[in-house]
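The values are calculated or read from the model by the stated rules, or taken from the named source; none is laboratory data. Bear in mind the structure is a predicted one, so any value in this text is a computation, not a measurement. Every residue, glycine among them, receives a Cβ derived from its backbone with ideal geometry; neighbour counts consider all protein chains shown. Calculation scope for accessible area: heavy atoms of the full protein, side chains included, ligands and nucleic acids excluded. Shrake-Rupley method; radii C 1.70, N 1.55, O 1.52, S 1.80 Å.
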Amino acid sequence: MNTKKITVLCVDDSALIRSLMTEIINSQPDMTVVATASDPLVARDLVKQHNPDVMTLDVEMPRMDGLEFLEKLMRLRPMPVVMVSSLTERGSEAALRALELGAIDFVTKPRLGIRDGLLAYTDLIADKIRIAAAARLLPAKRAAAAGQPAAPAETPLLRSPLLSTEKLIIIGASTGGTEAIREVLQPLPPDSPGIMIAQHMPAGFTNSFAQRLNGLCRIAVSEARQGERILPGHAYIAPGGFHLSLARSGANYVAQVDQEPPVNRHRPSIDVLFDSAAKYAGKNAIGVILTGMGRDGAEGLLRMRQAGAHTLAQNEASCVVFGMPREAIAIGAAVEVATPQEMSQRMMAHLRSLGERTNRV
């Protein structure tokens, strides 16, 4: 049995945070802190010395900003990084920028009672480090221009399908999903079907995520609001800490947003969204499951397929974590397996084929 522990380098300018992170990580039987650093310049030398499996990295630090260091690190010595971010507007934007640059995930610093608050995150921090240690490091395809709209030649606008307002696209994602979702949405035409998205993300970050996508995509992207109508050309993201599901109000699709108990340990839960799509949209939906740990969404995608939906799962090579797509593929939930970039084209091709068949009838 392999008993090698995950080795972690903690980088934070706060001595208290470094001490707490060390206490949290060393309390786990399968991981250990090999060193800590108060700034990126010290960390740079410690990476060479210890060759850690995972780095935890603060955003705001002296001598070199955490994001600047992350960009250099991913270019020169790529490794799994979990960002430690404050729960502020700037902190949420920085966390999303870090994911674009190649960080695997992030945890938030509590606003009050730092010691008790951070210790309460022990299981969450340990889980994120384990996921990071096992994650696939994808090439930083757009790291240099992350946060900027992609050139039209890079993400060509797909041709509008022949569709009705009845069609919907339903997407679920977890670790690595923020970039995968962007790659799916960015090429879509302005009049694509309404889109609903459940991304595992804590409260306080989904609004920044929606705003970032809204500036990059031809469709409008926003956080979902209770009771709002699901319209073509719009994408609706489940707010952090809330389930998002599909409902009907007369002839219209509407968003249901609530704080019912977590499902599969998650709120938002992808299964909750997929199950509602199976119930209310059936064959009018396309279901997409993207990168992430665990199996949330796998059973829901199968129920969507059984209800007549066209379903897609992200392929292993393009996933940061292949867990959720692998589970969906294993139980026969996915009609197609593709990269996020391919999914945009395949969804539009599927919708056009439906429209052409309808027009021939």
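Of the listed values [x] 23.7; [y] 21.6; [z] 20.9, identify the label whose number matches Kirkwood radius over Cα pairs in Å calculated from this model. Correct label, based on the coordinates given: [z].
In this structure the chain gives 42 Å² per residue of accessible area when probed at 1.4 Å with all protein chains present. When segment 193-337 is described by a simple charge dipole with +1 on each Lys and Arg Cβ and -1 on each Asp and Glu Cβ, the residue from Ala281, Ile270, His200 located farthest towards its positive end is Ala281. Only the Cβ atoms of Lys and Arg (+1) and of Asp and Glu (-1) were treated as charged; on that basis the dipole of the chain about its Cα centre amounts to roughly 800 debye.
Backbone amide hydrogens, once placed in the peptide plane, bring Val335 within less than 5 Å of Thr311, Leu312, excluding anything fewer than 5 places away on its chain. Among the lysines, which fall within straight-line cross-link reach of Lys279, defined as a Cα-Cα distance under 22 Å, with same-chain neighbours fewer than 8 residues apart omitted? The reachable lysines, counting only those whose Cα sits under 22 Å from Lys279, are Lys167. When a/c is below 1.5 the answer is rounded, else prolate if a/b is larger than b/c, else oblate, so apply that to segment 249-361 with a ≥ b ≥ c taken from the square roots of the Cα gyration tensor eigenvalues. Since a/c reaches 1.5 but b/c is at least a/b, the shape of segment 249-361 is classed as oblate. Rounded to the nearest 10 degrees, the angle from helix 122-134 to the longest Cα principal axis of the chain is 80 degrees. Bridging of Lys72 to lysines at a Cα separation below 29 Å is possible for Lys4, Lys5, Lys48, Lys109, Lys128, Lys141, once same-chain residues fewer than 8 apart are set aside.
To the nearest ten degrees, helix 206-216 and the longest principal axis of the Cα atoms of the chain are 70 degrees apart. With angles folded into 0 to 90 degrees, how steeply does helix 340-360 sit against the dominant principal axis of the chain? Use alpha carbons for both and round to 10. The angle comes out near 10 degrees.
Using +1 at the Cβ of each Lys and Arg and -1 at the Cβ of each Asp and Glu in the chain, identify which of Ala43, Thr339, Gly294 lies farthest towards the dipole's positive end. Result: Thr339. Classify segment 166-217 as rounded, prolate or oblate from the Cα gyration tensor: take a ≥ b ≥ c as the square roots of its eigenvalues, call it rounded if a/c is under 1.5, otherwise prolate when a/b beats b/c and oblate if not. Prolate. A Stokes-Einstein calculation at 20 °C with viscosity 1.002 mPa s, built on the Kirkwood radius of segment 95-137 over Cα pairs, returns a diffusion coefficient of 187 µm²/s.
How much of the accessible area of segment 271-361, probe 1.4 Å, is carbon plus sulfur, in whole percent? Don't jump to the answer; show the numbers that get you there.
Numbers: 1760 of 3570 Å².
Result for segment 271-361: 49 percent of the exposed heavy-atom area is carbon or sulfur.
What percent do you get for the relative contact order of the chain when only Cα pairs under 8 Å and 6+ apart count? Could the numbers behind the result be given before it?
Values: 793 pairs, mean separation 45.5, N = 361.
Rounded, it is 13 percent for the chain.
Once each part is reduced to its C-alpha centroid, what is the distance from segment 180-249 to segment 59-133 in angstrom? About 24 Å separates the Cα centre of segment 180-249 from the one of segment 59-133.
For segment 286-294, the Karplus equation 6.51 cos²θ - 1.76 cosθ + 1.60, evaluated at θ = phi - 60°, returns couplings of 10, x, 10, 10, 10, 3, x, 7, x Hz by residue, with Gly and Pro reported as x.
Altogether, the Stokes-Einstein calculation at 20 °C and 1.002 mPa s, with the Kirkwood radius of segment 11-144 over Cα pairs as Rh, returns a diffusion coefficient of 145 µm²/s. Computed over segment 180-336, relative contact order equals 17 percent, with contacts defined as Cα pairs under 8 Å that lie 6+ residues apart.
Kirkwood Rh and Cα-based Rg: tell me the resulting Rg over Rh for segment 1-51, rounded to two decimals.
Numbers: Rg = 11.5 Å, Rh = 11.3 Å.
My calculation of the ratio gives 1.01.
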